[in-house]
Amino acid sequence: MSGPNTNYDPVEVAALDPAVIEAAVAEALGAIESAASIEELKAARIGVQGERSPLALANREIGALPPSARAEAGKRVGAARARVAAALTAREAELERERDERILVEERADVTLPALRRPPGARHPVELVAQRLVDTFVSMGWEVAEGPELESEWLNFDALNLGPDHPARQMQDTFFLDPVDCGLVLRTQTSPVQIRTMLERQPPIYVVAPGKVYRTDDLDATHTPVFHQIECLAVDRGLTMAHLRGALDAFVRAMFGEGTRTRVRASYFPFTEPSMETDFGCFVCHGAGTSGDGGSCRTCGGSGWIELGGSGMVNRKVLRACGIDPEVYSGFAFGLGIERALMLRHGVQGMHEMVEGDVRFSQQFGREV
Ligand SMILES: [Zn+2]
């Protein structure tokens, strides 16, 4: 067996030749220096430090050398690799510093620029008025009732004592669903909610029903094909018109302020008997009918009273149709259009303002959410 090859000269191994190593270092330093970004430096690192880089290959040759030659060759290759590693670290620090400086310049925030403010959304004034009225009744122990906007003809008309030939049925211009004999309409009033409530449960019933209703009107200053109503229904033992007046008073005071008075005039609605139109004292002239300059009050037209809406004692026929015994129970109901209440209360000039969704209109009512 021959001994180790002690005369082996590492310089004779091409990869370990000092000139070759020096050239590899020079090439590596060049590649590192020319890397213009951190990404490029990453790619360069693989070329100069990776497993297949010239210096890594040279390092591998050292293992094949005789022990006596390894130290010298190892020192040479090690020093070369250290120079490359140091150059990588230095270049990396330099590129990071450049990047940070660039970000500081590019992403600088000019705090003196005017801000783009997006105002928070808020509920529509119609919704706010409806909510205030609902809250008034809920605080008195009433419940909120809701029903579908697509309603059966029977609930929208017949159950409310509006038979097929009733003139009021023609008076209300209705959106019928196609085919007409399907018996469905877009509800023309919130009253079917009252019928639904009476069908579903027994008295005592105290419900307030706000909601959208539909008529085939064109949009103009006082009409809109979609608007909102709020209706109240009470059915209990011994309810009289005095209770109705009390509820109406609470209603108008919530809407138009403490001390607002109401009056009722005989009227006719199929759903109620007796029926009344309700007026309330003008909240501008407080019933005087005159304005500050001696002319007549513009809000009430000089009468001192403003029409609120219909009311009355629930027709016995309606109670009976809903399975409630009119000999035991009586009820009252009243309602009004919310848009109309809003127009009156806030002097809104036309229906357009309320339906067009211009935030400049809504903003006048605050940003309640
Ligand atoms: Zn007035």
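General remarks:
- When the Cα positions of P210, A288, Q194 are compared along the charge dipole of the chain, A288 comes out farthest toward the positive end, with charges on each C-beta of Lys, Arg, Asp and Glu.
- Only helices enter this figure: runs of n ≥ 4 DSSP H residues, each worth -39500 (n - 2.57), summed and divided by the residues of the chain, yield -12500 deg cm²/dmol at 222 nm to the nearest 500.
- When you count the other C-beta atoms within 10 angstrom of each residue and take the mean per peptide, 121-131, 309-319, 192-202 line up highest first as 309-319, 192-202, 121-131.
- Computed with a 1.4 Å probe over protein heavy atoms only, the accessible area of C182 comes to about 60 Å².
- Calculated from the alpha-carbon coordinates, the chain shows an Rg and a Dmax of 43.9, 135 Å respectively.
- Size of charge dipole - the chain - debye, nearest 20, with Cβ of Lys, Arg +1 and Asp, Glu -1, no other charges: 960 debye
- Basic side chains Lys and Arg get +1 at the Cβ, acidic Asp and Glu get -1 at the Cβ, and with that the dipole of the range 10-106 about its Cα centre reaches some 420 debye.
- Sulfur and carbon atoms: percent of accessible area, the chain [1.4 Å]: 53 percent
- Unpaired Cys in the chain, meaning no second Cys C-beta under 4.7 Å: C182, C232, C322.
- Computed over the range 10-106, relative contact order equals 34 percent, with contacts defined as Cα pairs under 8 Å that lie 6+ residues apart.
- Of the residues T278, A79, P18, the one whose Cα sits farthest toward the positive end of the charge dipole of the chain, with +1 on the Cβ of Lys and Arg and -1 on the Cβ of Asp and Glu, is T278.
- The packing ranking, built from the mean of other Cβ atoms within 10 Å per residue, places the peptides 320-332, 100-112, 139-151 in the order 320-332, 139-151, 100-112, highest first.
- Per residue, the chain exposes 55 Å² of accessible surface when a 1.4 Å probe is rolled over the protein heavy atoms with every protein chain present.
- Separation between Cα centres of the range 113-133 and the range 140-217, rounded to whole Å: 31 Å
- Alpha-carbon centroids, the range 269-310 and the range 25-45: separation in whole Å: 88 Å
- Cross-link partners of K75 among lysines (Cα-Cα below 28 Å; sequence separation of 8 or more within a chain): K42
The values are calculated or read from the model by the stated rules, or taken from the named source; none is laboratory data. Remember, predicted model here, so these are calculated numbers, not experimental data. Cβ sites come from the backbone with ideal geometry, for glycine too, and all protein chains shown count toward neighbours. Calculation scope for accessible area: heavy atoms of the full protein, side chains included, ligands and nucleic acids excluded. Shrake-Rupley method; radii C 1.70, N 1.55, O 1.52, S 1.80 Å.
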